[in-house]
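K.L.:
Dropping the structure in here first, questions after.
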Amino acid sequence: MIKSQYTQIQPKKLQCFKQKLKSLTKRNSGKPLLEIIKGLNPVLRGFSNYFRIANCKRDLKVIADWLRRRLRSIQLKLWKKPQRLHRWLK
C-alpha cells in the first residue's frame, strides 16, 4: 500500500481556526459586512497558504460553507427590518 505524501490537517488545528473565525464574525459586533470580510481575508489566505500542501480540500470546503452561512446570518441581523429581508429574499 502506497502512502500519500500529503497529510491531513489535525482536527485540533481546524477547531482552533474555526474558533478564530467565530470570534471574527460575531453577530453582535455592529460592523458592516464589508469590514468583517476585509478582516477575514488575510486570515483565510494565510491559513490556506500555510496548509496548501496538505490534502485538505474537503476540510476547506466545509469551513467555507460554514463561514458563508455565518456571514449570511450577520447580513440578516444587520437588515433588522422584516421588510428588507422579504425584499432581498424575493
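K.L.:
Of all residues being touching a helix residue (DSSP H, G or I) at 6+ places or on another chain (Cβ under 6 Å) and modelled with pLDDT of 90 or more in region 22-39, which is least open to solvent (accessible area, probe 1.4 Å)? Just the residue, please. Outline the logic, then answer.
P.N.:
Going through region 22-39, the residues touching a helix residue (DSSP H, G or I) at 6+ places or on another chain (Cβ under 6 Å) turn out to be 24-25, 27, 33, 39.
This time we only want the ones that are modelled with pLDDT of 90 or more, so: 24-25, 33, 39.
Details: Leu24: 70, Thr25: 0, Leu33: 40, Gly39: 37 Å².
Taking the candidates together, the pick is Thr25.
K.L.:
Right, here's the next one. So which helices (runs of 4 or more DSSP H) stay within region 1-83 end to end and still have 2 or more residues that are of a type in the set (Ser, Thr, Tyr)? It would help to see each step written out before you state the result.
P.N.:
On the way: elements: 11-24, 33-50, 57-79.
Ranges flagged: 33-50.
K.L.:
Then there's this: Taking the residues in region 43-90 that are among the charged types (D, E, K, R) and in contact (Cβ under 8 Å) with a residue 12 or more places away in the chain as candidates, determine which candidate is surrounded by the fewest Cβ atoms within 10 Å (Cβ to Cβ).
P.N.:
Lys77
K.L.:
If you check Phe17 against the conditions, is it surrounded by 10 or more Cβ atoms within 10 Å (Cβ to Cβ), within 11 Å of the chain's Cα centre (by Cα) and modelled with pLDDT under 95?
P.N.:
Numbers: surrounded by 10 or more Cβ atoms within 10 Å (Cβ to Cβ): yes; within 11 Å of the chain's Cα centre (by Cα): yes; modelled with pLDDT under 95: yes.
Taking the combined requirement at face value, the residue satisfies it.
The values are calculated or read from the model by the stated rules, or taken from the named source; none is laboratory data. Computed from a predicted model, the values in this text were never measured in an experiment. With ideal geometry, Cβ positions are generated from the backbone for all residues, glycine too; neighbour counts draw on all protein chains shown. Quick note on the areas: whole protein, heavy atoms, side chains included, nothing else; ligands and nucleic acids left out. Shrake-Rupley method; radii C 1.70, N 1.55, O 1.52, S 1.80 Å.
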